[in-house]
Every structure is written in C-alpha cells, then in structure tokens.
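Only one structure is covered here, and it is reproduced in the block below.
Please treat every number below as a calculation from the coordinates, not as lab data. If you're wondering where the values come from, they're calculated on a predicted model, not measured in any experiment. Here the Cβ positions follow ideal geometry from the backbone for every residue, glycine too, while neighbour counts run over all protein chains shown.
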C-alpha cells in the first residue's frame with residue numbers, strides 16, 4: 001500500500017491509561033486545537049503481531065460513525081517507533097464510576113443503558129463484526145454532561161465475520177468473567193458471545209458483581225461452562241424485577257444456537273415495553289422504583305476487596321517463582337513502553353497509509369490535510 005511522509009499534525013499529552021501492548025494518551029490537533037484519545041502502540045512489542053493492529057483498523061473503518069454509541073476512529077499513522085490510532089476523547093469516565101457518581105440508580109436506568117448498548121451491538125453485528133470483549137471497563141461516557149452518550153470502546157479483539165457461521169472463530173480470548181461457554185470449550189464462536197457478555201453486564205449493573213464470580217479462575221470457568229448462576233443471596237435481588245431476571249437468563253443461554261440475537265433481545269419486554277419494569281419502593285406512596293445504588297455499591301466494594309486480597313496472594317506466589325530471565329523480559333517490555341510514552345510526535349515525521357477504500361466515508365483526505373484511511377472530522 002502506498003505511503004507518504006508528512007509532518008505529524010498532533011501533539012501528545014498526558015497518559016490516560018495503559019494495556020499489554022499500548023498506552024492511551026491525550027492528543028491535540030495542532031491546527032484545530034481539537035482533543036482526542038490516541039492509542040500508542042510500540043512496534044517492537046507488536047513484532048509478529050502487526051496483523052492485530054491492521055485488524056483493529058479494518059474493524060473500526062466498518063463501524064466508525066455509523067452509531068453514536070460506538071467510538072470513532074478519526075485517524076491513524078505511524079512513526080519510526082510507534083503506531084498511532086486517534087479516537088474520540090471520552091472524558092465522562094467508565095460506566096460503573098458514572099453510576100456511582102450520580103448518587104442514585106434505579107432499575108429503569110439499567111434498562112435504558114442496556115437498550116442503548118444492545119442497539120449498538122445490533123449495529124456492530126449488522127456490519128459483520130463481533131466485538132468479543134464487551135465489559136463495563138470498555139463502556140465509556142463521551143463527557144461528564146448529563147445525558148452524555150455511553151460509548152462502546154476497545155475493538156482490539158474484534159473480528160470481521162466472513163459468514164454467519166457460529167463456529168468460525170476458535171481462539172480463546174476476552175475477559176474471563178464475561179466470556180461465553182463456547183470460548184472456554186473451544187467449540188468455535190461468533191456473534192452470540194457478545195449477547196452472553198451483555199447478559200453478564202446486565203447482571204453486574206443490577207447486582208454489583210458478576211454471575212459466575214468464584215474464588216478461582218478455574219472455578220469461574222467451570223461455572224460459566226455449566227451455566228451455574230443464581231440470583232442469590234436473595235436479599236441482593238429482592239428489589240430487582242422478574243422481567244429483568246428473565247432477560248438475563250435469556251442472554252445467558254448456554255447453547256449459542258439457542259441464544260437470542262441482538263434484535264431479538266431488543267424485543268424482550270425488559271427493553272421493549274414502554275412501561276418500565278421495577279419493584280416499587282414500599283416507603284413511597286407514589287410507587288416509585290427502589291434506589292439500587294446502596295446495595296450495588298456495597299456488593300461491588302465487598303467483591304473488589306476480596307479480589308484484591310486474592311490477587312495479592314497469587315502475585316506473591318508468582319513472584320516467588322520468577323527467574324532472572326523473567327525479570328529481564330519484564331524490564332525489556334517496560335523499556336519499550338517507556339519509549340512509546342516519551343516520543344513527542346509533533347517533532348517527527350509520520351508515515352500515513354493512503355486509502356484504497358474509495359467508499360469509506362466518501363473521502364481519502366481528512367481535515368488535517370493528511371492522506372489517511374480515516375474519516376473527515
């Protein structure tokens with residue numbers, strides 16, 4: 001694919017987060033002053049895995065700008081050391097943090113959130129994409145304003161589906177607590193894994209913990225494969241409607257062939273009925289919903305404390321078995337990440353792939369004046 005070298009049009013700022021192969025930094029376009037989130041991927045760390053980045057770009061090209069609740073890829077380019085993907089800057093925080101900050105939280109709020117997200121999932125699936133890593137940490141709000149859009153982010157594990165065959169993908173991937181049984185069983189999987197994850201997210205939003213939460217990863221995987229979950233302890237779930245519980249059970253159907261599609265989920269009464277489903281507050285003469293936030297936050301904090309203790313024990317055990325070669329590898333990886341973080345892109349020249357997709361948003365050149373596969377702002 002033809003490339004050209006041009007002065008970089010962005011200046012990177014503070015680091016917003018980090019992952020296995022990349023860090024996310026704030027970036028500002030030099031001419032327009034517009035702010036973005038920039039995923040910085042170190043080339044040395046990605047050697048042999050370049051196809052993963054190209055896959056993420058291909059996925060985002062298909063879904064960007066098609067739904068307001070999906071993060072948009074605005075631009076992408078590379079320098080001598082790094083690859084850069086420029087996204088919407090979502091400043092409203094993660095889903096659960098936003099819920100807690102609001103100070104109150106009702107079942108109809110959860111229903112509206114799940115409806116919005118399921119509509120976005122339906123769009124993604126309609127584009128021939130399976131996300132494969134839906135979880136609360138990948139659900140961000142565009143801004144801190146009331147009514148700001150919730151956005152599905154991080155398409156790094158997503159795949160373009162060549163057909164509707166349910167067993168097309170075979171690798172084990174995702175976040176364990178949100179992974180569907182067919183992934184663990186290595187039976188092959190497809191779009192139904194996103195529906196399973198949405199069921200787990202709905203359970204989490206109403207309970208404050210995940211349905212298959214266990215004392216060890218092995219026990220959790222076994223519970224997922226067996227579909228072993230309950231709405232217990234009963235006192236945690238007494239304030240949640242039977243309609244919501246039925247929706248969760250439907251999404252968490254073990255057999256992926258019988259699991260509903262996103263479109264069918266949107267027709268479920270919990271999402272489709274105009275009259276909201278909830279358990280009325282007995283202390284209110286108006287029959288208003290019960291505030292779920294105190295119980296949800298309590299459950300979340302308790303599970304988080306327990307998990308932190310377990311992870312600390314496991315970390316100590318792992319560290320005791322580390323060899324010097326492992327330490328060397330960790331130091332090398334840390335060095336690569338530091339190298340990625342320190343590069344000042346506004347002082348370098350960037351190579352930008354020219355577009356071969358004439359139909360991608362009807363343009364080959366973005367508003368930054370750079371030849372790109374990304375869309376106009």
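Brief remarks on what is shown
- Top-ranked residue in region 228-256 [being assigned to a loop (DSSP other than H, G, I, E, B) and within 24 Å of the chain's Cα centre (by Cα); ranked as surrounded by the fewest Cβ atoms within 10 Å (Cβ to Cβ)]: 255
- Extreme residue, surrounded by the most Cβ atoms within 10 Å (Cβ to Cβ), among residues of region 106-144 that are over 29 Å from residue 241 (Cα atoms) and out of contact with any helix residue (DSSP H, G or I) (no Cβ under 9 Å at 6 or more places or on another chain): 142
- Going through (1) crowded, with 23+ Cβ neighbours inside 10 Å; (2) touching a residue at least 12 places away in the same chain (Cβ under 8 Å) one by one, residue 188 falls short only on (1).
- Positions within region 25-42 being part of a loop (DSSP other than H, G, I, E, B) and either crowded, with 18+ Cβ neighbours inside 10 Å or free of Cβ contacts under 8 Å to residues at least 40 places away in the same chain (or both), in sequence order: 33
- Enumeration of residues in region 201-227 that are surrounded by fewer than 14 Cβ atoms within 10 Å (Cβ to Cβ) and outside any helix (DSSP H, G or I): 215, 216
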